[in-house]
Amino acid sequence: MNNIIDRIKINFTDSIQTKINSADSIINIIAEASEEIVQALLEGHKILSCGNGGSACDAMHFSSQMQNRFKQERPGLPAIALTSDIPTLTAIANDYHFSDIFAKQIRTIGQAGDLLLAISTSGNSTNIVNAIKAAHDKNMGIIALTGYDGGKIVEHLQEKDIEIRVPAHEASRVQETHLLIIHCICDIIDFRLFGHGEVNS
């Protein structure tokens, strides 16, 4: 039993340490990305999100908090998780290729001024790279959540794009920190657009 308890403690400690390391290196980048999303929303644009596996869940988690709410009551905000439409995903994968499941959706519903929240722990997912290419073709900006060394995604980002790279090499630690980053972004959106969390003097 002690070995199990020790393993759990190590997981907690490693997760906390990854977040501490991230706080030292990416807080300003998170703030920049949050402001980019706020500006896009103020201009009437939407946020598309995508990822695979756990990152697919993060993409849906983000869009659900945008369309519904984060902490407090507010109007819904326009966000679509490209991972959530199973018939469309399987149709594209079956008729074309799995690497096109997000790019084809972006070419269909993406508009100039929209933003793509592209999530990949390794940065090497071909369908995420293709999504970024399709978004650029639509004159959309990119906010990429990555880990490790950023992977192939880095090669396809343009100067205006923003990469938030978690300084970790274990997928679970990167994913845990991605979720915290998403919550930070949602908090800043609520604060900037609706004053939630504002301290009254």
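The values are calculated or read from the model by the stated rules, or taken from the named source; none is laboratory data. Because the structure is predicted, anything quoted here is derived from the model rather than measured. When we count neighbours, we look across all protein chains shown, and the Cβ atoms used for this are built from the backbone with ideal geometry, even at glycine. Ligands, DNA and RNA are excluded from the accessible area calculation, which covers all protein heavy atoms including side chains. Shrake-Rupley method; radii C 1.70, N 1.55, O 1.52, S 1.80 Å.
Where the centre of each part is set by its Cα atoms, how far does the range 1-19 sit from the range 118-151, in angstrom?
Cα centroid to Cα centroid, the span is 31 Å.
What does a probe at Ile29 reach in the range 135-164, counting residues whose amide N is under 16 Å from the point 7 Å along Cα→Cβ?
From the range 135-164, the list is 142-164.
Cross-link candidates for Lys9: which lysines have Cα within less than 27 Å, leaving aside residues fewer than 8 places away along the same chain?
By straight Cα distance, Lys9 reaches Lys19.
Based on C-alpha coordinates, I'd like the Rg and Dmax of the chain, in Å.
Values for the chain (Cα only, Rg and Dmax): 17.2, 59 Å.
Quote the relative contact order of the range 25-112 in percent (integer), defining contacts as alpha-carbon pairs under 8 Å separated by 6+ residues. Present the calculation step by step, with values, prior to reporting the outcome.
Numbers: 80 pairs, mean separation 19.8, N = 88.
Relative contact order, the range 25-112: 22 percent.
Kyte-Doolittle mean at least -0.5 and Cα extent at least 18 Å along the axis: which DSSP H helices of the chain qualify? The partial results should precede the final answer.
Details: long enough: 2-42 (53 Å, 0.22); 54-67 (20 Å, -0.27); 171-194 (34 Å, 0.82).
Long hydrophobic helices here: 2-42, 54-67, 171-194.
What ranking do 83-91, 51-59, 136-144 get when scored by the average of other Cβ atoms within 10 Å per residue, highest first? All intermediate terms of the calculation are to be shown ahead of the outcome.
Values: 83-91: 13.9, 51-59: 21.1, 136-144: 19.6.
Descending packing order for the listed peptides: 51-59, 136-144, 83-91.
Suppose the chain between Cys57 and Arg192 were pulled fully straight at 0.36 nm per residue; how much longer would it get relative to their current alpha carbon spacing?
Gain on extension, Cys57 to Arg192, equals 46.1 nm.
How high is the relative contact order of the range 74-201, given as a whole-number percent (alpha carbon pairs under 8 Å, six or more residues apart)? Write out the running numbers ahead of the final one.
Numbers: 178 pairs, mean separation 23.3, N = 128.
Result for the range 74-201 is 18 percent.
Sorting Leu82, Leu41 by accessible area (1.4 Å probe), largest first, what list results?
On the way: Leu82 0, Leu41 25 Å².
The ranking, largest first, comes out as Leu41, Leu82.
Assuming a ≥ b ≥ c are the square roots of the Cα gyration tensor eigenvalues, decide whether the range 1-119 counts as rounded (a/c under 1.5), prolate (otherwise, with a/b larger than b/c) or oblate. Could the numbers behind the result be given before it?
Values: a/c = 2.21, a/b = 1.38, b/c = 1.60.
Oblate.
Multiply the residue gap between Ser84 and Ile10 by 0.36 nm, knock off their C-alpha separation, and tell me the result in nm, one decimal place.
Full extension from Ser84 to Ile10 adds 23.3 nm.
Placing unit charges on C-beta atoms (Lys and Arg positive, Asp and Glu negative, everything else neutral), compute the dipole magnitude of the chain about its Cα centre in debye, rounded to 20.
With Lys and Arg at +1 and Asp and Glu at -1, about 300 debye.
Mind running the shape call on the range 108-201? Use the C-alpha gyration tensor, a ≥ b ≥ c as the square roots of the eigenvalues: rounded below 1.5 for a/c, prolate if a/b tops b/c, oblate otherwise.
Here the range 108-201 falls in the oblate category.
Peptides 170-181, 28-39: what's the order by average Cβ count within 10 Å, highest mean first?
In descending order of packing, they fall as 170-181, 28-39.
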